[in-house]
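The block underneath contains the structure these notes are about, expressed in structure tokens.
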Amino acid sequence: MIQDIITIIHDYWLLLLIGQYPNGPLGGLANTIILSLLAILLAFPVSILLALARLSKWRALRWPVTGLVYVTRGVPLLMLILWCYFLVPLWTGADVPSFLIMLVTLVLYEGAFLSEVVRAGIVSLGQGQMDAARALGHSHLSAMRFVILPQALYNMIPSMISTFVSTIKDTTLGYVINVPDLTFAASQVNNQLFTQPFQVFIILAAVYYALCWSLTYVANSLERRIARRRAGPRRNARLATEAVPLKTLVEQP
């Protein structure tokens, strides 16, 4: 079986990597990475805006956004993809690319889930942080930008990593609307071979595992780096306080 996997990779690596490009649309692993990165980069600011809207004192803003988040989180992603795929061209009257439809759906879906993580991180800090910032002269937006969000985002790193990893895995559903991603390319390979579906989809699973593991490793490294940077000033302050009695003992006759 290992020999079969090596043969499939040798024969179809270009299709799995970039799809039919340059003779056709870009696809394969390259398209999956582009779709995942765009979805993550766009869903993150959307989630912050949704979280701030849910924490707003204005009911006209808070209630519609809360309803949007609840509906989006309560509906399967596959159903949202199909809704967007059939309704967007119907409403706009234009032939919208399946890649764009999948991207918009992922941003909305993952943004709704990530907004709850952001909201929980802000609420966990307590009202005292906001009161202290306002007492120092910050406006509400300034306090949220410079005091609340930096602390909340640091505390949310583990949950955000899980959401980002799920975004990569959710791109596989683009296959149902013919997004030329890695899953679509693997299906093309399987249709050509017929007799080796197990080997083909083992390759697919291994590639997705490598992508998710790489993202987790990078995020964990970033978390450790931030933790060391934060611990630096505290450690220096502790060493400074401990050095005083030591110096006093040395100078004693």
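The values are calculated or read from the model by the stated rules, or taken from the named source; none is laboratory data. Quantities reported herein were computed from a predicted structural model and do not represent experimental measurements. Neighbour counts run over all protein chains shown; Cβ positions are idealised from the backbone, glycine included. We work out accessible area using only protein heavy atoms, side chains counted, and drop any ligands, DNA or RNA first. Shrake-Rupley method; radii C 1.70, N 1.55, O 1.52, S 1.80 Å.
Restricting to segment 36-74, give me the number of residues that are open to solvent by less than 40 Å² (accessible area, probe 1.4 Å), more than 18 Å from residue 141 (Cβ to Cβ) and not polar (S, T, N, Q). Let's see the steps before the verdict.
First, the residues of segment 36-74 that are open to solvent by less than 40 Å² (accessible area, probe 1.4 Å): 36, 39-40, 43, 47-48, 50-51, 53-54, 56, 65-67, 69, 72.
This time we only want the ones that are more than 18 Å from residue 141 (Cβ to Cβ), so: 36, 39-40, 43, 66-67, 69, 72.
Filter again for not polar (S, T, N, Q), leaving 39-40, 43, 67, 69.
Of the residues in that region, 5 qualify.
Listed by first and then second residue, the pairs linking a residue in segment 181-208 that is on the phi < 0 side of the Ramachandran plot and of a type in the set (Phe, Trp, Tyr) to a residue that is open to solvent by 60 Å² or more (accessible area, probe 1.4 Å) and part of a helix (DSSP H, G or I), with Cβ atoms under 6 Å apart and 6 or more places separating them unless they lie on different chains, are 184/175.
The number of residues in segment 189-204 being closer than 16 Å to residue 30 by Cα and either acidic (Asp, Glu) or open to solvent by 40 Å² or more (accessible area, probe 1.4 Å) (or both) comes to 0. In the set (1) at pLDDT 85 or above; (2) open to solvent by 50 Å² or more (accessible area, probe 1.4 Å); (3) under 30 Å from residue 84 (Cα atoms), the condition left unmet by residue 214 is number (3).
Within the set 166, 162, the sole residue that is without any contact (Cβ under 8 Å) to a residue 24 or more places away in the chain and within 11 Å of the chain's Cα centre (by Cα) turns out to be 162. When residue 77 is tested against (1) open to solvent by less than 60 Å² (accessible area, probe 1.4 Å); (2) more than 20 Å from the chain's Cα centre (by Cα); (3) of a type in the set (A, V, I, L, M), just one condition goes unmet, and that condition is (2).
Every test in (1) closer than 23 Å to residue 214 by Cα; (2) open to solvent by 70 Å² or more (accessible area, probe 1.4 Å) is passed by residue 106 save one, and that test is (2).
Please find, among 168, 157, the residue that is under 26 Å from residue 221 (Cβ atoms), surrounded by 20 or more Cβ atoms within 10 Å (Cβ to Cβ) and among the aliphatic types (A, V, I, L, M). Reasoning before the result, please.
Working: 157 fails: surrounded by 20 or more Cβ atoms within 10 Å (Cβ to Cβ).
Checking each option against the conditions leaves just 168.
Looking at this structure, is residue 126 open to solvent by less than 50 Å² (accessible area, probe 1.4 Å), at pLDDT 85 or above and either out of contact with any helix residue (DSSP H, G or I) (no Cβ under 8 Å at 6 or more places or on another chain) or not aliphatic (A, V, I, L, M) (or both)? First the steps, then the outcome.
Working: open to solvent by less than 50 Å² (accessible area, probe 1.4 Å): yes; at pLDDT 85 or above: no; either out of contact with any helix residue (DSSP H, G or I) (no Cβ under 8 Å at 6 or more places or on another chain) or not aliphatic (A, V, I, L, M) (or both): yes.
So residue 126 fails the test.
Scanning segment 86-103 for residues that are under 16 Å from residue 39 (Cβ atoms) and open to solvent by 30 Å² or more (accessible area, probe 1.4 Å) yields 97, 99, 100.
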